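The values are calculated or read from the model by the stated rules, or taken from the named source; none is laboratory data. Because the structure is a prediction, the values reported are computed rather than measured. Here the Cβ is made from the backbone with ideal geometry for all residues, glycine too, and neighbour counts use every protein chain on show. Note: areas computed on protein heavy atoms with side chains; ligands, DNA, RNA excluded. Shrake-Rupley method; radii C 1.70, N 1.55, O 1.52, S 1.80 Å.
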Amino acid sequence: QVQLVESGGGLVQAGGSLRLSCAASGSIFSINAMGWYRQAPGKQRELVATMPSGGKTNYADSVKGRFTISRDNAKNTVYLQMSSLKPEDTAVYYCNVKAGIFPKDYWGQGTQVTVSS
């Protein structure tokens, strides 16, 4: 089992920046990948960025060049640095971890990001 605790959401004006954090605990030795997803009102949850263990990071086209995912293995924490935020980035952001021999998805509680125009 993996437990995830997110922090860092909030309200920001368009063009501003925020950094999200997600700390993992529990069976962290079995983590295959860490990443971020988001869900806007009335829309499906979508991938924002992922970072496989030892693999290449992957970003949604809509955030390329503006968002950066990073990982501190010593702290078992994944970050999402968001810059040049747009109103369309408004959503609940969820931390995701894939862990286990037959990878299972674990989700954080979600953190609201609101970008005002």
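Observations on the model:
- Lone qualifier among ALA74, ALA49, ALA33, ALA23 - being part of a strand (DSSP E or B) and open to solvent by 30 Å² or more (accessible area, probe 1.4 Å): ALA23
- Search result, residues across the stretch 1-20 that are at positive phi and surrounded by 15 or more Cβ atoms within 10 Å (Cβ to Cβ): GLY8
- In the stretch 54-71, the residue that is farthest from GLY108 (Cα to Cα) out of those that are open to solvent by 60 Å² or more (accessible area, probe 1.4 Å) and not in a strand (DSSP E or B) is GLY65.
- Flag for VAL97 being in contact (Cβ under 8 Å) with a residue 12 or more places away in the chain, touching a Phe, Trp or Tyr at 6+ places or on another chain (Cβ under 6 Å), part of a strand (DSSP E or B) and β-branched (Val, Ile, Thr): yes
- Selection from the stretch 90-103 of residues that are surrounded by 14 or more Cβ atoms within 10 Å (Cβ to Cβ), out of contact with any Ser or Thr (no Cβ under 8 Å at 6 or more places or on another chain) and more than 19 Å from THR57 (Cα to Cα): ALA91
- Any chance LYS43 is surrounded by 14 or more Cβ atoms within 10 Å (Cβ to Cβ) and either modelled with pLDDT under 90 or more than 11 Å from the chain's Cα centre (by Cα) (or both): no
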